[in-house]
Structure formats: structure tokens, C-alpha cells
Amino acid sequence: MQKIYFTPGPSQLYFTVEEHLKSALNKNIGSISHRGQQFKDIYQHADKGLRSLLNLPDNFKIIFTSSASEVWERIIQDCVMNSSTHFVNGAFSNKFYQTAVQLGVNPEKIEAEDGSCASLDELKADSQPELISFTHNETSTGAAQPLQDIYAAREKFPEALITVDVVSSLPYVDIDYTKVDSVYFSVQKSFGMPAGLGVWLVNDRCIEAALKKEALRKTISGGFRLTNSYKMAMKYQTPATPNVLGIYLLSKVVEDMNLKGIDMIRRETEYKAALLYHTINESKVLSPFVKDKNYQSKTVIIAQTENNAEIIEPISEKGFILGTGYGKYKNEHIRIANFPTHSKEQVEMLSDFILLA
């Protein structure tokens, strides 16, 4: 039986990935030199496609990493000298905060209750953060920080770098890149690819901060430091051997998404999210974990129940694999991914299964 993964990451592969994997094998993509022109062309194709899909301005560079988690270390190591502020609305945003603690930059944490998002009002006007971190879509709790909160941070603290984790919401979320400086994601969620590749969108303000830190001999990273990665990206290169196959697949999946159109992807995401929340509200044994609709994620929908196995197990027998809760919510939450690879028809079938379970 063919399984369909609604897990929030890794998730179901985008429906064209199998075709592109075969193509990659036929072209020996796994064996080409990362210093050759063929790889540069692949990088450039991925770069061009992402810029079109995301409407990314020219002052942003696209840098490839091993994962989104790697960006936590690199931006703190390279761009922050003394302080960072972290809006925490779940386990993953808290992990970034903990990374900053471990790297010794005296971070501040502004924490919301699970299932909610912290308010910018909790950050004092006389604060002088070098970097403000938001997790737009907290995969562990299904809470989505309103974009206007993120944009307000730019207005309130124009000198601070604004960095945004969009691991489980891009390409759905429509970001105004003039209001942020650093955006990052991994490909195993919304982009429907095998894990092992992170994408960091970083602008010139971050580079200026990194150069300033280097000039003061405060940088502690080596060949993978941001300034070096940025310099290599200018030539469609990477500091070391990257996940060439992953970058190739990303270039192809993004090409497919551009053919479909980002507006269609966003409309379908909103339709599927509305259907799933309606289903949860109609269920006799489920309720939405995020109560405030202003904070409800469109891409990771979380239902709570007394015993999630009673829902997850019978649905898995039909070939639909749902995610369990994260951490302390392992047995009482059901996490349902709503990514571009999940079709409207699949979500409609899943909704029927949930109501019958």
C-alpha cells in the first residue's frame, strides 16, 4: 500500500521528486565536481527559481547549508557580538535561544505560552538588541507569529537584524523581504524533499555586521563563516562540497512550483487549512490546540485529544501517516502537515477518515 505522509518533517516528497531523482541518476549528478561549471549552472538555476518563487530582492544572497539548525550557530557566531533577542513560541524557537546561550552572547528570551505567540510589546523600547529572532511557524506547537509583529520589530528597532525561521511555512508565507534581513528553511518540510539541505536567504545588512565583527577579530567561525559563504555564493559556489543532489532536486522542485504558480499554491494551502480546522472542530474527540485564530498555522495544523493513538493508528492502516505530538505532547497532539505536495483530494480524504475514526 502506498503511504502518504502528513508528518510535519520529514514529510511527503513532492510528487515530482521521483522523476527528478531518476533524471539525476541518469545525469550522474551525484558524481559531478562541485567546482565545475555543471554545478554552478545547477546552483544558478536553483537561485533564479527561488528568487522568482519568493519574489526575493537583489540584495539577498542564497546560501546553502546542511540544515536550518546550522544557521542558528552561524548567524550568532558571525553577526552578533553581545546580545540577541529570541521570541520563543515552542521547542524549536527555544533551541535557537539555547544555541545563543551556549555561544555566550547573553541572549534575551521573550516566551509565549504553548499555542500562542509573544507580543512585541514585551520587548522594552530602550532595548538595544543586535539581532531579533522570530519563528514564523513553530512546528512543535502549530503557532504562527503574525507577519505584522515581525515587521513592527523593524520599525521599532531599525538597527537590529531581523531573522526569521520559516522552516515549515515557506513558500506559503508571503514575506516582505524589505522588513527582514535573514530568512532560513530546510527542504524536508514544505518543499517536499529528502532531508539534508538548508537554505539561508541573507541580505547585505547581515554581511556588514559580519564584516564589522571580523574587523574587531571577534569572529569565531572558520571557512564556513558568513562572509566566505557569501563570497562563494556570488560565484554560485560553496566553501566545501555541498549536497549537490539536494540542490539539483531543489532547483527542479522550485521550477515545478513556479509552473504551478505561487498564488495557486497559497490558495490551495488556505483551502486545505480551512478544511482541516473545520474537521477538527466538527470532531467529537478533537479540538484545535491553538485557540486564537490569529495564531493558527496554515501549514502545521495541530489537534489535541486524550489519546492520539486512537486516531493515528486506524488512519495509518489506510495509508495516511499523521504526526504525533512533539516532546511533552507526544501522546495528546496530532500534527498534520499541509504542504504543497498534499493535494486537495488527499486532504479531503483525510478529513473523512478523521471524522470516521
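Read-outs: derived from the displayed coordinates by stated rules, not from any lab. None of the values given here were measured: they were computed from a predicted structure. Please note: Cβ atoms are built from the backbone with ideal geometry, for glycine as well, and neighbour counts cover all protein chains shown.
Quick notes on this one:
- Helical contribution to [θ] at 222 nm, DSSP H n ≥ 4, -39,500 (n - 2.57), averaged over the chain, rounded to 500: -12500 deg cm²/dmol
- Using distinct alpha-carbon pairs, which all enter the 1/r mean, Kirkwood radius of segment 150-258 in Å: 15.6 Å
- D41-E306 FRET efficiency (beta carbon distance; Förster radius 51 Å; 0.05 resolution): 0.40
- A simple spin-label model places the labels of K291 and E111 2.0 nm from each other, with each point 7 Å out along Cα-to-Cβ.
- For segment 90-238, the number of Lys pairs separated by eight or more positions or lying on different chains, with C-alpha atoms closer than 20 Å, is 10.
- Rg over Rh for the chain works out to 0.97, both radii taken from alpha-carbon positions and Rh defined as the Kirkwood radius.
- Local net charge near L120, Cβ-Cβ under 9 Å (Lys/Arg +1, Asp/Glu -1): -2
- Hydrodynamic radius (Kirkwood) for segment 225-357, which is based on Cα pairs only, to one decimal in Å: 17.2 Å
- Using alpha carbons only, the radius of gyration of segment 42-146 set against its Kirkwood radius gives Rg/Rh = 1.01.
- Overall form of segment 66-107: oblate. Here a/c, set by the Cα gyration tensor axes a ≥ b ≥ c, is 1.5 or more, and a/b is not larger than b/c.
- Along its first, second and third principal axes, ordered by size, segment 148-199 spans 38, 18, 14 Å in Cα coordinates.
- Taking one quarter of the surface of the C-alpha convex hull of segment 94-229 gives a mean projected area of 8.9 nm².
- Residues of type aspartates and glutamates that K3 reaches as a straight line, Cα spacing below 20 Å, ignoring anything fewer than 8 places off in the same chain: E18, E19, E310, E313, E317, E345, E348, D352
- Sequence ranges 69-81, 263-275, ranked by mean other-Cβ count within 10 angstrom, highest first: 69-81, 263-275
- Taking the charge dipole of the chain about its Cα centre, with +1 at Lys and Arg Cβ atoms and -1 at Asp and Glu Cβ atoms, the residue from P8, L201, I247 reaching farthest to the positive side is I247.
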